[in-house]
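The values are calculated or read from the model by the stated rules, or taken from the named source; none is laboratory data. Bear in mind the structure is a predicted one, so any value in this text is a computation, not a measurement. Counting neighbours? That spans all protein chains shown, and the Cβs are built from the backbone with ideal geometry, glycine included. Protein only, heavy atoms only, side chains kept; ligands, DNA and RNA dropped before computing areas. Shrake-Rupley method; radii C 1.70, N 1.55, O 1.52, S 1.80 Å.
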Amino acid sequence: MILILSAQVNQNTPEYQQLLSHLATLKGIQTRVHVEPGSVTSLTEIYLIGDTKSLDMETMQSLPCVERVVRVSEEYRILGRHKDDQRPTHFDYNGVRFGQDTLNVFAGLCAVDNREHVEIMMKAVRDNGQVCTRMGAYKPRTSPYAFQGHGKNCLNYVFELAGKYDIKVIAMEITHESHLNEIKEALHQTGNPTGVMLQIGTRNTQNFELLKIVGRQTEMPILLKRGFGITLDESLNAAEYLASEGNRNVVFGLRGMKTNMGDPHRNFVDFSHVPVVKRLTRMPVCIDPSHSVGSRQSSPDGILDMMQVTAQGIIAGANMVLVDFHPAPPKALVDGPQAMLLKELPYFLEDVQIAREAYLKRVALRQRQL
Ligand code: PEP
Ligand code: MN
């Protein structure tokens, strides 16, 4: 059960203390207070954990400071959607809104290889009216002999160039706690010219200790990729780990499932789960056509499979697209064969727009039926 307190609540008032003392008398129930800072007021929520079935909604509603009571289902307590739940389905970060009704494209390098390519990429992103990109510095690789990413050595120039090209948010995977500190340090050293969305890759979806560490910081939002060999429920629970530690600014990423049933695609494209995740949770949903499809194959109409699946995800309501581009794919150190060419970026974005408009028309059509 969640008690949502009135907006102007002050934790130093006798009413608030009275509420906490009352909650402390409830047998078998623990409380966890979460304060969500807002631009004007902050929102205080008290999570009641334990045997809450016996609690009466009206009684709880009448307690001091309580504005609303939400009875949560067992699963995804914080990030889930519950009956009569009006909590927001969006968050703002560095001037960019991420929500279940917005769409942001993160076109960029799978792996940072050199400064020149980062600059060319970011300039193209900016010139095409975008404020987000992807830049991999820490790469989890199948082979220990493959390029592992430049790590902290590239962070300063990546962040400086992001500032130069007005990039507001960079999606960047981390695989270890130390990477979090390196990113914070580099942002600080360069004067915070940009923002970072920390990416947890599919190989770490159930690295619970990493999830807890990343969830405990609330400066940067998180993109959690679905685990490629586990159920959707297991991946959604992984997202809940982040929120239960304090960070609920989480985007959920679909990137395909590992099975040969999806051949010839690199992974079995799972974008039909876009509306499912939006129904079950309040998280914005990201699709990654590059890692799902993994090649530049196209259909007889000339459209790349990666663009077909992007359109499929967007027409179903996807909120974010994470996609590999590269100024010179044959020279890319990671995932060159699935990178799109810079000259394809305007075309890609226009195609995304067509699918988005179709989605919005479908929503309007549904509204007219109600
Ligand atoms: C990536 O986005 O670069 C990546 C490695 O993705 P995934 O974790 O989905 O394989
Ligand atoms: Mn990749």
Could you grab the pairs with beta carbons closer than 6 Å, sequence gap of 6+ or different chains, first residue in the stretch 122-148 and in the same structural domain as GLY201 (by TED's automatic domain parsing), second one within 16 Å of ligand 2 (Cβ to nearest atom) and among the acidic types (Asp, Glu)?
GLY136/GLU173; TYR138/GLU173
Helices (runs of 4 or more DSSP H) wholly inside the stretch 248-352 containing at least 2 residues that are in contact (Cβ under 8 Å) with a residue 12 or more places away in the chain and open to solvent by 30 Å² or more (accessible area, probe 1.4 Å):
274-280, 305-315
Could you tell me whether any residue of the stretch 105-117 is among the hydrophobic types (A, V, I, L, M, F, W, C), more than 16 Å from ligand 2 (Cβ to nearest atom) and either in contact with an Asp or Glu (Cβ under 6 Å, 6 or more places away or on another chain) or part of a loop (DSSP other than H, G, I, E, B) (or both)?
no
Qualifying residues in the stretch 69-95 (those that are at pLDDT below 95 and among the acidic types (Asp, Glu)) - the one least open to solvent (accessible area, probe 1.4 Å):
ASP85
SER39, sole failed condition from (1) assigned to a helix (DSSP H, G or I); (2) touching a strand residue (DSSP E or B) at 6+ places or on another chain (Cβ under 9 Å); (3) over 24 Å from GLU75 (Cα atoms)
(1)
Is it fair to say SER62 is open to solvent by less than 60 Å² (accessible area, probe 1.4 Å) and without any contact (Cβ under 8 Å) to a residue 24 or more places away in the chain?
no
Taking the residues in the stretch 113-142 that are of a type in the set (D, E, K, R) and under 21 Å from the mean Cα position of the chain (by Cα) as candidates, determine which candidate is surrounded by the most Cβ atoms within 10 Å (Cβ to Cβ).
ARG134
Taking the conditions exactly as written (within 16 Å of LEU109 (Cβ to Cβ), within 16 Å of ligand 1 (Cβ to nearest atom) and in contact with a strand residue (DSSP E or B) (Cβ under 6 Å, 6 or more places away or on another chain)), does VAL321 satisfy them or not?
yes
Residue count, the stretch 353-362, condition over 28 Å from HIS326 (Cα atoms) and without any contact (Cβ under 8 Å) to a residue 12 or more places away in the chain, comes to 2
Considering only the stretch 193-208, state which residues are open to solvent by 50 Å² or more (accessible area, probe 1.4 Å) and in contact with a helix residue (DSSP H, G or I) (Cβ under 8 Å, 6 or more places away or on another chain).
GLN206, PHE208
Return yes or no: is GLY227 in contact (Cβ under 8 Å) with a residue 40 or more places away in the chain and in contact with a Lys or Arg (Cβ under 9 Å, 6 or more places away or on another chain)?
no
Mind checking which residues of the stretch 11-22 are open to solvent by less than 80 Å² (accessible area, probe 1.4 Å) and either touching a Cys at 6+ places or on another chain (Cβ under 9 Å) or under 23 Å from GLU75 (Cβ atoms) (or both)?
THR13, TYR16, LEU19
Only one of these conditions is not met by GLY229: (1) farther than 20 Å from CYS132 by Cα; (2) away from ligand 1 (no atom under 16 Å from the Cβ); (3) loosely packed, with under 15 Cβ neighbours inside 10 Å. Which number is it?
(2)
Just give me the residues in the stretch 31-56 being within 18 Å of ARG87 (Cα to Cα) and open to solvent by less than 70 Å² (accessible area, probe 1.4 Å), in sequence order.
VAL33, HIS34, VAL35, GLU36, GLY38, SER42, LEU43, THR44, GLU45, ILE46, TYR47, LEU48
Any idea which of TYR165, TYR145 is away from ligand 1 (no atom under 14 Å from the Cβ), among the aromatic types (Phe, Trp, Tyr), farther than 24 Å from MET257 by Cα and surrounded by fewer than 18 Cβ atoms within 10 Å (Cβ to Cβ)?
TYR145
For GLU219, state whether it is part of a loop (DSSP other than H, G, I, E, B) and away from ligand 2 (no atom under 16 Å from the Cβ).
yes
Looking at (1) of a type in the set (Ser, Thr, Tyr); (2) within 16 Å of ligand 2 (Cβ to nearest atom); (3) more than 28 Å from GLY227 (Cα to Cα), which is the one condition that is false for SER295?
(3)
